[in-house]
Amino acid sequence: MLIADWSEIIERILVHFQISVTGVALATVVGMIIGITLTRFPKIATPALSVIEVFQTIPSLAMLSILLIFLGLGNNTAIMAIFFYSLLPIVRNTHAGILSVDPALLDAGKGMGMNSFQVLFKVEIPNAIPVILSGLRISLITAYGIVTISVLVGGGGLGRFVIRGIQMQNMGVMLTGAIPIAAMALLTDLLLNYLEKRMTRHNRSSRTA
Amino acid sequence: MVVFDNISKSFGNNVVIQNLNLNIKRGQFAVLIGPSGCGKTTSLRMINRLIEPTEGTILVDEQDVSKVNPVDLRRRIGYVIQQIGLFPNMTIEQNIEVVPKLLGWPKEKRRERVRELLEMVGMNPLQYCNRYPSELSGGQQQRVGVLRALAVSPPLLLMDEPFGALDPITRETLQDEIKKLQTDLGITIVFVTHDIDEAVKLADIIILMKDGKVIQAAPPEELLSNPAGDFVREFIGKKRLRANYDVDLVREIMNAKVFTVTKSKGFAESISLMRQRNVDSLIVTDDDGKFEGVIPVEKLREIAGKKVINTIGEIQPEKITTINLNAQAREAFDTILQEKLPYLIVVDSKNKVRGLVTKTSLVKALAGAVWGDNADDE
Amino acid sequence: MMNDFLATLHSNWDRLVGAFGAHVQIALTAVAFGAMIAVPLGIALTRYPKIGQKVIAVLSILQTIPSMVMFGILLPFTGIGRPTAIIALTLYSILPILRNTYTGISDVSDSYIDAGKGMGMNGRQILFRVELPIALPVIVTGIRISSVYIISWATVATIVGGGGLGDIIFIGVARHNHAMILMGAIPASLLAITTSFIVGRIAKAVTPRGLRRERAR
């Protein structure tokens, strides 16, 4: 029972993954910059975070369809939607991660003669990475779901199989899309969780040592 | 009142209590003390069945506790813990009336009891009833914690390091209060601590434990004068051997947190401050902080009944003996002992009030002199 | 563009009102069922923390399944129509509420439980007088998170004939009618944002006064 040929399945998986990663990567770059900037301006941090939170509250299909008006049918719309949804977890976690750095470490860094750039890149960001990773994990898993839905606005991921399956009332076709999506989410979750734990452990042992 | 009959307790293979026998008499203040892991808290928690013994019987009021429903048992026994555990979602009043409510007391009776209890420790009910625990200082919270445990007048009160988290001055005030409450109400208290000073100060009987066994159970004087073996000697001495600076001057033994009022302070305000701080006499100074005298609470009451007073300055304070803060500590001892004073006011060369030497500070310093240290920073 | 939008709005007003009502109804039903399942289950799991952790881990994995897939999987069993939408969304609404109930209750400090027990409260009294009041703001926050998710995913329910604002968006996309898209997307967004705000306020309101100060610190 070959529901779709293998090359199409592989292609869809790759596209699905590519769209998700592009959107999340964009959000990571922008989100980390915003997150770091907000730690320097504590007064605007809370209002800024609430504004970004509003993006996340917008229903995914609403976001996709509004972006469709500006970006047209296709994958760019999905990438942009993922960007907006991923912004909050990354900004928030970068912000929280950097704020949670032990002040003693900052003092030590400054005491050794680091300038503020060096403190940022050698002390603050490395310490915040486990928390940022956690934001990344949440963002990626959310992204897979958005790409799936994006088939409704002309996106090209695994959602094609799902929607085709639903329309044809064919469980096999649907699962051809659903199983890889679930597997991707599961693998991402396991992998990033593992990385996060490893880095936290590393940090903790170096702190107590 | 509380009898441990051959009690043993193990957690898995780990034996924490071994054949423990105890007999705490009615009206006694019994202090369980020992190094951490000695089983003192476990023993305490077995009395109200928060932990069940592996073997043996515990009698409370001649009744085998294992035969009593634990919930009913606990409602009859007061319980105070180090973390205080006032429910943060309830007001002070609601916290105190928890057990009365569980026992189905009518609303009026509960209200009255809450008021009575707060007044007993000098907290104004009007001021505190509707506050929340987070709005109170640690000392006040634990005061309420004790009241909550006393709400239905239990004949037995269990206290698990109740003052361990408080600052030294507050701790001392609360120790005095609980000792007084215990004597006034005639209740039995089982008290866990790891602070030997606290044990000596409060206990009628100190039960020193190690590895789940009683090493010595004796009144404080006997424990100090006649320690049973090296462990006891070491345990009593250890804390006092840590630091070793000499006690020479009054300033080193005095309690520097002293509550004073100026003559121009309003009468009503002073009374309420006195209640709040829970002091029983006012130390009066002039506006520059120079010592004028003291007014005992009885005198305040007496005068207040006779005429209208606006400021404290209208009352003639009693002159009492003072001592300079740079005087020899020995001189303070002699004065207190010879003149049988409850305390001495410490002043500086300009006669400004700087502190207070109480009998407690003397005992501590004395212990320091015997064991070579006056530290009580535990 | 604006005129276009207003004209579309005018001619489709009844349809919009109907879809909005359906959307609210689907979301409300799903979150209500979700809470009815999740709160008692969450409380029960705190009594068996070892199982609790595992149940939450498994549900977290299920939660990563995109909503569209979940609709598709249920379709053969429940058929086209609103029940499929409600069942799928109920399943999704469980996890955030369950997780917050579980952590909210687990995070209640042991000293309160110890004090309660020591004073002679039974398990039910400790739950209703101590644990639940302290955990309530966290539980309500879980309900807020669920509501936002559910309002979002209810738009996708259109693919299984669930109705709601997704219908309007979908028609707009299919007809390349921008005004129609906005007529579905904007109310859906406003519904989510308002709900989040209101339930957030409720979470604040149910925070016991004695805890507000403590948390603000």
**Prompt:** Of B:K179/B:K263; B:K67/C:K117; B:K107/B:K179; B:K299/B:K352; B:K307/B:K352, which sit over 27 Å apart, Cα to Cα?
**Reply:** B:K179/B:K263; B:K107/B:K179; B:K307/B:K352
**Message:** Principal axis extents for region B:250-371, Cα atoms only, whole Å, descending order, please.
**Reply:** 52, 26, 24
**Message:** I'd like the FRET efficiency for B:S36 and C:D14, computed as 1/(1 + (r/R0)^6) with the beta carbon distance as r and R0 of 51 Å, rounded to 0.05.
**Reply:** 0.10
**Request:** Note down the nm distance, to one decimal, between modelled labels 7 Å out along Cα→Cβ at A:L191 and at B:A304.
**Result:** 7.6
**Item:** Zone residues, region A:94-112, relative to A:Q118, backbone N less than 17 Å from point 7 Å out along Cα-to-Cβ
**Value:** A:105-112
**Request:** With springs only between Cα atoms under 10 Å apart, run a GNM on chain A and tell me which of A:A178, A:A48, A:A104 wobbles the most.
**Result:** A:A104
**Prompt:** Given labels modelled 7 Å from the Cα in the Cβ direction, how far is it in nm from B:E116 to C:A32?
**Reply:** 4.9
**Item:** With Cα atoms, 0 to 90° folded angle of helix B:359-371 axis to chain B main axis
**Value:** 60
**Request:** Within region C:121-159, which residues have the backbone N less than 18 Å from the label spot 7 Å out from A:E53 along Cα→beta-carbon, could you tell me?
**Result:** C:136-152
**Prompt:** At what distance in angstrom do the alpha carbon centres of region A:111-153 and region A:1-45 lie from each other?
**Reply:** 11
**Residue among C:V24, C:V58, C:V138 with the largest mean-square fluctuation in a Gaussian network model of chain C, springs linking Cα atoms under 10 Å** = C:V58
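If you filter region C:125-214 for trypsin sites (Lys or Arg not before Pro), then keep DSSP loop positions with at most 15 other Cβ within 10 Å, what is left? Write out the running numbers ahead of the final one.
Numbers: sites: C:R129, C:R144, C:R175, C:R201, C:K204, C:R209, C:R212, C:R213; in loops: C:R175.
Answer by residue number: C:R175.
Which of C:M2, C:M121 comes first, and how do the rest follow, when ranked by fewest Cβ neighbours within 10 Å? Working shown, then result.
Working: C:M2 7, C:M121 22.
Ascending number of Cβ neighbours within 10 Å: C:M2, C:M121.
Give me the net charge of A:R160's neighbourhood, meaning all other residues with Cβ under 13 Å from the Cβ of A:R160; Lys, Arg count +1, Asp, Glu -1. Intermediate results must be reported in sequence, preceding the final value.
Numbers: positive: A:R12, A:R164; negative: A:E8, A:E11.
Here the count lands on 0.
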**Asked** Placing +1 at every Lys and Arg Cβ and -1 at every Asp and Glu Cβ, with all other atoms neutral, what dipole size does chain B have around its Cα centre, in debye to the nearest 20?
**Response** 900
**Request:** Identify all aspartates and glutamates with a Cα-Cα distance to A:K122 below 15 Å; exclude those on the same chain that are fewer than 8 residues away in sequence.
**Result:** A:D102, A:D107
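Based on the Cβ-Cβ distance of B:D348 and B:L273, what FRET efficiency does E = 1/(1 + (r/R0)^6) give at R0 = 25 Å, to the nearest 0.05? Could the numbers behind the result be given before it?
Working: r = 23 Å, r/R0 = 0.93.
With R0 = 25 Å, the Cβ-Cβ based efficiency is 0.60.
Just add up the charged neighbours of A:R12: K/R +1, D/E -1, any other residue whose Cβ is under 14 Å from the Cβ of A:R12.
Residues near A:R12 contribute -1 overall.
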**Request:** Before rounding to the nearest 500, sum -39500 (n - 2.57) across all DSSP H runs of length at least 4 in chain B and divide by the residue total; then give [θ] at 222 nm in deg cm²/dmol.
**Result:** -11000 deg cm²/dmol
**Request:** Give me the distance between the Cα centres of region B:307-336 and region B:114-179, rounded to whole Å.
**Result:** 29
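FRET efficiency for C:Y48 and C:A205, Cβ-Cβ distance as r, R0 = 25 Å, nearest 0.05? Display every interim value, and only then the final one.
Numbers: r = 32 Å, r/R0 = 1.26.
According to the calculation, E is roughly 0.20.
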**Message:** Among B:K263, B:K319, B:K210, which one shows the highest mean-square fluctuation when chain B is modelled as a Gaussian network with alpha-carbon springs under 10 Å?
**Reply:** B:K319
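Could you compute the net charge surrounding C:L45? Neighbours are other residues with a C-beta less than 11 Å from the C-beta of C:L45; K and R count +1, D and E count -1.
Working: positive: C:R47, C:K50, C:K54, C:R99; negative: none.
Net charge around C:L45: +4.
Suppose every K and R has +1 on its Cβ and every D and E has -1 on its Cβ; what is the size of the dipole of chain A about the Cα centre, in Debye to the nearest 20? Please report the intermediate quantities before stating the final value.
Numbers: 14 positive and 9 negative charges, 100 e Å.
For this selection, approximately 480 debye.
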**Complete:** Per residue of C:145-153, other chain Cβ atoms within 10 Å number on average 3
**Message:** Need the full-extension length gain, B:L59 to B:V363, defined as separation in residues times 0.36 nm minus the C-alpha distance. One decimal, nm.
**Reply:** 105.9 nm
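All of the numbers you see were taken from the coordinates with simple rules; none came from a lab. Here the structure is a predicted model, which is why all the values come from computation and not from measurement. Note: ideal-geometry Cβ built from the backbone for every residue, glycine included; neighbour counts use all protein chains shown.
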